[in-house]
Amino acid sequence: MIGVIVSVAIGGMAGTLLRFATGNWISANWPQHFYGATLAVNVLGCLLIGYLYGLFLIRPEIPLELRAGLIVGFLGGLTTFSSFSLDTLRLLESGQAPIALGYGLLSVVGGLLATWAGLVLTRL
């Protein structure tokens, strides 16, 4: 069990650092689109979780440590639906309701489609 805990911790650190770097890069290049980093990591995370889930279904011999480290740790640290909620609220509070609505719909629908696409990729 300690191996799984260590794998999740290492994966979480890596995912969190990638999310932090993405946020900094988006803020430096497109500060008016601060929500772009959250959208990007959520859709990417959904694509990856769909792909990994499908891969782990067809390759059950992959060690639990690796599976937990990638899905619970890395993707748990990378994806940020709590930040999604805050970004949406900030858009609404700043009077940008159409952008907030589009952002919410794109995040949810894009995430679902990306998860499906990731799962389909494992079946190719």
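The values are calculated or read from the model by the stated rules, or taken from the named source; none is laboratory data. As the structure is a prediction and not an experimental result, all values here were calculated from the model. Counting neighbours? That spans all protein chains shown, and the Cβs are built from the backbone with ideal geometry, glycine included.
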* Asked: Does any residue of the range 88-100 turn out to be in contact with a helix residue (DSSP H, G or I) (Cβ under 7 Å, 6 or more places away or on another chain), charged (D, E, K, R) and in a helix (DSSP H, G or I)?
  -> no
* Asked: Considering only residues of the range 26-58 that are aromatic (Phe, Trp, Tyr) and within 19 Å of Arg90 (Cβ to Cβ), which is surrounded by the fewest Cβ atoms within 10 Å (Cβ to Cβ)?
  -> Trp30
* Quick one: is Ala68 at pLDDT 95 or above, over 25 Å from Met13 (Cα atoms) and small (Gly, Ala, Ser)? -> no
* To do: Quick one: in the range 59-98, of everything that is surrounded by fewer than 14 Cβ atoms within 10 Å (Cβ to Cβ) and charged (D, E, K, R), which residue is nearest to Ala37 (Cα to Cα)?
  => Arg90
* **Single match in Ser85, Ser7 (criterion: assigned to a helix (DSSP H, G or I), farther than 16 Å from Thr115 by Cβ and either touching a Cys at 6+ places or on another chain (Cβ under 7 Å) or modelled with pLDDT under 95 (or both))** => Ser85
* To do: Could you tell me whether the range 80-99 includes any residue that is in contact with a Lys or Arg (Cβ under 8 Å, 6 or more places away or on another chain) and in contact (Cβ under 8 Å) with a residue 60 or more places away in the chain?
  => yes
